[in-house]
1. If you take the residues of the range 271-293 that are touching a strand residue (DSSP E or B) at 6+ places or on another chain (Cβ under 8 Å), closer than 21 Å to residue 230 by Cβ and not in a helix (DSSP H, G or I), which of them is nearest to the ligand (Cβ to nearest atom)?
2. Would you point out which residue out of 180, 122 is among the basic types (Lys, Arg) and either in contact with a Gly (Cβ under 6 Å, 6 or more places away or on another chain) or buried (at least 22 other Cβ atoms within 10 Å of the Cβ) (or both)?
3. Could you check residue 100 against (1) within 21 Å of residue 295 (Cβ to Cβ); (2) crowded, with 21+ Cβ neighbours inside 10 Å and say which number it fails?
4. For residue 65, are the conditions met, namely being more than 21 Å from residue 297 (Cα to Cα) and either out of contact with any strand residue (DSSP E or B) (no Cβ under 7 Å at 6 or more places or on another chain) or more than 10 Å from the ligand (Cβ to nearest atom) (or both)?
5. In the range 294-379, which helices (runs of 4 or more DSSP H) lie fully inside it and hold 1 or more residues that are in the same structural domain as residue 53 (by TED's automatic domain parsing) and surrounded by 13 or more Cβ atoms within 10 Å (Cβ to Cβ)?
6. Could you please tell me which pairs satisfy a Cβ distance under 6 Å, a separation of 6+ or placement on different chains, a first residue in the range 382-399 that is more than 23 Å from residue 371 (Cα to Cα), and a second residue that is assigned to a strand (DSSP E or B)?
7. Restricting to the range 68-87, count the residues that are more than 13 Å from the ligand (Cβ to nearest atom) and either among the aromatic types (Phe, Trp, Tyr) or within 16 Å of residue 38 (Cα to Cα) (or both).
8. Within the range 101-109, can one find any residue that is in contact with a helix residue (DSSP H, G or I) (Cβ under 7 Å, 6 or more places away or on another chain) and outside any strand (DSSP E or B)?
Amino acid sequence: MTLQAPRGTQDILPDRTPRWQFVEARFRDVLSRYGYAEIRTPMFEHTELFQRGVGTSTDIVQKEMYTFQDRKGRSLTLRPEGTAAVARAVVEHKLLAVSPVLKLWYLGPMFRYERPQAGRYRQHSQVGAELLGVESPAGDFEMIALLVDLLEAVGLCETRVLLNSVGDATCRPGYTETLRVYLRAHVSELCPDCVRRTEENPLRVLDCKVPGCREVATGIPRIQEHLCPPCRAHQDELRGLLDRAGIPFQMADHLVRGLDYYTRTVFEIEHGGLGAQSAVGGGGRYDRLIEDVGGPATPGVGFSSGVERILLALEAEGAALPGAFTPEIMLVTIGEGDERREAMRLARRLRRRFRVDLDLRGRGLAAQMKAADRAGARIAVLIGEGELASGEWTVKTLATGTQERVPDRELETRLGTILEQP
Ligand code: HAM
């Protein structure tokens, strides 16, 4: 039996890595203009971090974690998301003592044991950002604006911002109880998971994808009608900021998100081209998380976005994305001997400035010229006995077929000039 990559994982092959590199480069660019610094945390953490951070009643912790024991019997988990790990690192290294406001971003793989389908994988990559130490809606605004700008920078158009509030420690308990009472009256229509959720964490029922539960959810009491005045004021201020900046959004009553750390603002960005897995990114405020992982009381807000889904959405929009490596210049040898050795030397020299390729298998002239064409090179530099003797190179512009002799010391300048022409 031949071995295959595990279910829900994918190889990103060389013809597609340029797309990833393009998206990642755009992200880095926007994030640096927003003043965010990159943080890299381990791919696995103590299981307890996600239990405490993400919440024991979430699907992620209950069903989706890759948890294992190491050789000393410690329970470790491949990170299912980045926020809890960032919070842990910030507390562990006391970063808040150095700077009361932290702007951090990360990019890397996350692991969730979910049922794979288009846009849903067991290993996926997220770009995420976290803003710590800002309590005001200015922080929520900055995060939504940043996510919108990241998606815009890679060229995504058909996105929709959804916004809701999940309340705080003052108003959420009352709402949760109202919800529980409502759900108990519909318990026969709920899936077994939601029967359990009704008692453990009724907000999670709003997330359930089972048709019966969705049906029940349509009549559910609205959290918007249960927000306390400070939560309402926070939301109103954020909405005002978004309106003023011209960022369109829709209020979404059922948006609660699948992680327990959120307080007040939650948001998601959807893309029409993604089918069932329509969330291209999501996030929200988490004013208790830093404390929950053992740090000083510190407000936080952040988001993350799945890179695979961004690429799927771009492809659905028919966006022009960069392709595989194309050399600008192909070195072509005429003859078998020192020409080939000289080509190796010259390639290294020219590669300091240009994208250069050459034949490493000792093929003949015709095969090399064909390869230059096929690779999309714009120039062939011919290396034959005459060139070696004279110290002048034959430079052929492939689009026009024009050939010229260029003295060695002028080679880079001339090649640069030709490549600058459209
Ligand atoms: P999340 O909504 O669970 O949030 O994941 C963020 C994004 O990752 C989703 O919107 C989606 O684009 C992508 N994603 C999630 N699961 C998968 C999967 N199985 N396959 C492919 N893509 C996926 C979080 O993880 C939070 N940490 C976001 C956050 C940051 N909140 C505050 N700060």
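The values are calculated or read from the model by the stated rules, or taken from the named source; none is laboratory data. Please read all numbers here as calculations on a predicted model, not as lab measurements. Heads up, the Cβs are rebuilt from the backbone with ideal geometry, glycines too, and the neighbour counts pull from every protein chain shown.
1. Taking the range 271-293 as the starting set, the residues that turn out to be touching a strand residue (DSSP E or B) at 6+ places or on another chain (Cβ under 8 Å) are 271-272, 274, 276-287, 289-290.
Checking which are closer than 21 Å to residue 230 by Cβ leaves us with 283-287, 289-290.
Filter once more, keeping what is not in a helix (DSSP H, G or I): 283-287.
Numbers: 283: 4, 284: 6, 285: 8, 286: 6, 287: 12 Å.
So, considering only residues that are touching a strand residue (DSSP E or B) at 6+ places or on another chain (Cβ under 8 Å), closer than 21 Å to residue 230 by Cβ and not in a helix (DSSP H, G or I), the one nearest to the ligand (Cβ to nearest atom) is 283.
2. 122
3. (2)
4. Yes: the conditions hold for residue 65.
5. On the way: elements: 307-316, 338-350, 365-375.
The qualifying helices (runs of 4 or more DSSP H) are 307-316.
6. 392/405; 392/407
7. The initial filter retains those residues of the range 68-87 that are more than 13 Å from the ligand (Cβ to nearest atom), namely 68-77.
Keeping just the survivors that are either among the aromatic types (Phe, Trp, Tyr) or within 16 Å of residue 38 (Cα to Cα) (or both) gives 68.
Number of matching residues: 1.
8. The initial filter retains those residues of the range 101-109 that are in contact with a helix residue (DSSP H, G or I) (Cβ under 7 Å, 6 or more places away or on another chain), namely 102, 104-107.
Okay, now just the ones that are also outside any strand (DSSP E or B), so none.
No, the range 101-109 contains no residue that is in contact with a helix residue (DSSP H, G or I) (Cβ under 7 Å, 6 or more places away or on another chain) and outside any strand (DSSP E or B).
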